[in-house]
Amino acid sequence: MGKQLTDSPVVGPGTLSARRLTTGRVLAPVLVGVLGLLLWQLLVGVFGISSYLLPAPTAIFAEANRAFEHIWSAALITGWNSLAGLVAGTLLGVFFAALAAASKSANAMVNPLVAALAVIPIVALAPILNTMFGSTQFPRQAIAALASFVPVFVSTLRGLRQTNPELRDLMHTYAATPIQIFFTITLPTAVPYVFTGVRLASSLAVISALVAEYFGGPRGGLGGIISTAAASSQYPRAWAYVLASIVLGLMFYLTTLLLEWLANRSRRAAAG
Amino acid sequence: MTTPDTAGSTTPAPEAAAPTAVQATNVEKVFSTSSGQVHALSDVSLTVAPGEFVSLIGPSGCGKSTLMRLIADLEAPTGGQLSVFGKSPDRARRDQDYGIAFQKAGLLPWRTVADNVGLPLQLHKSSTADRKARVAELLEMVGLADFADRHPDQLSGGMQQRVAIARSLAEKPRLLLMDEPFGALDEMTRERMQTELLRICAETSATVVFVTHSIPEAVYLSDRVVVMSPRPGRIAEVIDMKLQSTDERTDELREDTSYFDMITAVRESLHGRSGQGGTQGSGRTSTGHGVENR
Ligand SMILES: Nc1ncnc2c1ncn2[C@@H]1O[C@H](COP(=O)(O)OP(=O)(O)OP(=O)(O)O)[C@@H](O)[C@H]1O
Ligand SMILES: [Mg+2]
């Protein structure tokens, strides 16, 4: 595996405390967001940037409110595609990481594959998959899965290799079976890393599922509507759906962040 | 890996009825690393009788931990023979003949103190009730009863070491391997743990191989002190502690002249080993347990 892959910004487990979860990771971005919106409103209102090109936030919120039901059903489609992709990508990532950790030859086979996947811009496959699978949601889910796979794989594999050698020695002195070793030390060590991978993958899953909709296939998802609205110059509408995409991405991110935090906590608490 | 499997083939003297606890004969250990070979142990011969308390002492890097890891079957010797209770180290490990406390505590951070102590019992499928009772007893003994539900990261280094000691005693092993177990303890706790360890050994008649950097500790605890020298690691001298039996030692011994004499003997051996054993430490004898003075 390339150096870049292993050095990817995987946040190590244990750096996550309850306080940092709230102040550092949630409050700060929210603050930046609110300030940005105020500035935006000011720019549009005071400096008179054409509301045709850049609608004021108030106009966007009004549109979002008006078309709420449509937006909701579009978000469900894109959200479902992202979730299906994220889950499939996670399962594949964990499976292949376990394989790579278990055997050297499997590692030698899987690693180039993952390195290739990591450098391919996966949405670039969208037009191809769309023509291959026609008018289904499958290409989007597949793309989200491929995008999620890489961070989950990298992070899980790293976690499976973190097992403390002293604990290995200890288990050896107990003449523990491989299964006992896996469940007693290898897995508990790796679990927080799996969830870190899932958190990193969550945003990627949403982004890829959404962007994949730009390249044809059935309309109705957030990405599809953004591209049609923009093409027909309905900017407040396009922006309202962009807003919904941001909310969707945030929801995925925060949910997985919470999962990661819980995993870190129960890893310590659930000693059974 | 090359150690013989059966008891008979290891002991050249067949009349030795009770098998020795640990028998090392001309043991060699060479580590091959990318930067060359490290000769960690050279021609180490040592016999530890059942129930005996033997300390290993010597400068850092002289191979104390390596010898312990060989006995525990965590490394294989590159030469010579090693047997534990007349069996190969591998067999002894599979039979769970020994308990070990490493130089570093080596606790599972996601488990509570109680679950760390109970780990070997859990792995070896003892009943939950038995395990609970035994863990409570052990925690009481190392003075951590109030910390049973804490996690290791909430304990001081010395407390973590005590958890590891309790864990090594969990299955009442007949051989205890302890690698500087009291290194991180304050002097008072350390003396208390030493006395406690002697009591446990008397109770269970366990054999102990004990690594330490403290001369007084080695003297207070041991029947014999093995002085090692580095590069390559070898046994320089084995010194009999001419003191009362370890079962009868109490804190009063720490103020006894015989105790100080023994400390002097070990110190002189450690410092003056270049003078080919020419120093006259009182009561010092080079015993014939397959040990060579070089
Ligand atoms: N796995 C290993 N690979 C290579 N060299 C090793 C290995 N383990 C130990 N050594 C080398 O063997 C020698 C003895 O090491 P060992 O850990 O047994 O020393 P020690 O007497 O326990 O020292 P200390 O008192 O500092 O714990 C050292 O030179 C060390 O570098
Ligand atoms: Mg050591």
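The values are calculated or read from the model by the stated rules, or taken from the named source; none is laboratory data. Since the model is a prediction, treat every value here as computed from it, not as a measurement. As a convention, Cβ positions derive from the backbone with ideal geometry for all residues, glycine included, and neighbour counts pool all protein chains shown. Keep in mind that these areas ignore ligands, DNA and RNA; they rest on the heavy atoms of the full protein, side chains included. Shrake-Rupley method; radii C 1.70, N 1.55, O 1.52, S 1.80 Å.
The selection criterion, being more than 14 Å from every other protein chain (Cβ to nearest Cβ) and modelled with pLDDT under 90, holds for A:GLY216. Of all residues in region A:179-199, exactly one satisfies the criterion of being closer than 29 Å to A:ALA84 by Cβ and either touching a Phe, Trp or Tyr at 6+ places or on another chain (Cβ under 6 Å) or at the interface with chain B (Cβ under 7 Å from one of its Cβ atoms) (or both), namely A:PRO188. Screening the candidates A:ALA147, A:ALA115, A:ALA176, A:ALA126 for the property of being among the hydrophobic types (A, V, I, L, M, F, W, C), within 14 Å of chain B (Cβ to nearest Cβ) and more than 23 Å from A:ARG265 (Cα to Cα) yields one hit, A:ALA176. Considering the conditions (1) within 16 Å of ligand 2 (Cβ to nearest atom); (2) open to solvent by 40 Å² or more (accessible area, probe 1.4 Å); (3) at the interface with chain A (Cβ under 9 Å from one of its Cβ atoms), B:GLU75 is excluded by exactly one of them, (3).
Table: residues versus (1) open to solvent by less than 40 Å² (accessible area, probe 1.4 Å); (2) closer than 18 Å to A:LEU167 by Cβ; (3) in a strand (DSSP E or B); (4) away from ligand 2 (no atom under 16 Å from the Cβ).
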residue: B:ASN116; (1), (2), (3), (4): yes, yes, no, yes
residue: B:LEU139; (1), (2), (3), (4): yes, no, no, yes
residue: B:MET159; (1), (2), (3), (4): yes, no, no, yes
residue: B:ARG167; (1), (2), (3), (4): yes, yes, no, yes
residue: B:LYS172; (1), (2), (3), (4): no, no, no, yes
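For A:THR163, state whether it is within 30 Å of B:LEU123 (Cβ to Cβ) and touching a strand residue (DSSP E or B) at 6+ places or on another chain (Cβ under 6 Å). Criteria not met by A:THR163.
Give the residues of region B:34-72 that are assigned to a strand (DSSP E or B), within 11 Å of ligand 1 (Cβ to nearest atom) and modelled with pLDDT of 90 or more, sorted by residue number. Result: B:LEU56, B:ILE57.
Counting the residues of region A:208-235 that are among the polar types (S, T, N, Q) and either surrounded by 19 or more Cβ atoms within 10 Å (Cβ to Cβ) or closer than 24 Å to A:SER148 by Cβ (or both) gives 2.
The combined condition, being of a type in the set (S, T, N, Q) and over 30 Å from B:PHE31 (Cα atoms), is not fulfilled by B:THR212.
From the list A:LEU54, A:LEU125, the lone residue that is part of a loop (DSSP other than H, G, I, E, B), in contact with a helix residue (DSSP H, G or I) (Cβ under 9 Å, 6 or more places away or on another chain) and open to solvent by less than 80 Å² (accessible area, probe 1.4 Å) is A:LEU54.
Based on this model, can you work out whether B:PHE102 counts as surrounded by fewer than 17 Cβ atoms within 10 Å (Cβ to Cβ), among the aromatic types (Phe, Trp, Tyr), on the phi < 0 side of the Ramachandran plot and within 16 Å of ligand 2 (Cβ to nearest atom)? So B:PHE102 does not fit the description; no. The criterion of being more than 12 Å from the chain's Cα centre (by Cα), open to solvent by 10 Å² or more (accessible area, probe 1.4 Å) and either of a type in the set (Asp, Glu) or over 18 Å from B:ARG174 (Cβ atoms) (or both) holds for B:GLY80. Here region B:79-114 is the region considered, the condition is being more than 9 Å from every other protein chain (Cβ to nearest Cβ) and assigned to a helix (DSSP H, G or I), and the residue that is nearest to B:SER65 (Cα to Cα) is B:PRO89.
Examine region A:164-179 for a residue that is under 30 Å from B:ALA72 (Cβ atoms), modelled with pLDDT of 90 or more and basic (Lys, Arg), and state whether such a residue exists. Yes: one or more hits.
From the list B:SER88, B:SER9, which one is of a type in the set (S, T, N, Q), away from ligand 2 (no atom under 16 Å from the Cβ) and at pLDDT below 85?
B:SER9
Of the residues making up region B:179-213, those that are surrounded by fewer than 17 Cβ atoms within 10 Å (Cβ to Cβ) and within 14 Å of ligand 1 (Cβ to nearest atom) number 1.
Does region B:149-168 include one or more residues that are farther than 28 Å from B:GLU52 by Cα, within 10 Å of another protein chain (Cβ to nearest Cβ) and hydrophobic (A, V, I, L, M, F, W, C)? Among the residues of region B:149-168, not one is farther than 28 Å from B:GLU52 by Cα, within 10 Å of another protein chain (Cβ to nearest Cβ) and hydrophobic (A, V, I, L, M, F, W, C), which makes the answer no.
Of all residues in region B:48-71, those that are farther than 17 Å from B:LEU270 by Cβ, open to solvent by less than 30 Å² (accessible area, probe 1.4 Å) and more than 13 Å from ligand 2 (Cβ to nearest atom) total 4. Of everything listed in (1) without any contact (Cβ under 8 Å) to a residue 40 or more places away in the chain; (2) within 16 Å of ligand 1 (Cβ to nearest atom); (3) among the aliphatic types (A, V, I, L, M), the single unmet condition for B:ILE100 is (1). Select, from B:LEU155, B:LEU121, the only residue that is at pLDDT 90 or above, of a type outside the set (D, E, K, R) and surrounded by fewer than 23 Cβ atoms within 10 Å (Cβ to Cβ). One residue alone meets the criteria, B:LEU121. Within the set A:VAL87, A:VAL44, A:VAL26, the sole residue that is assigned to a helix (DSSP H, G or I), at pLDDT 90 or above and surrounded by 14 or more Cβ atoms within 10 Å (Cβ to Cβ) turns out to be A:VAL87.
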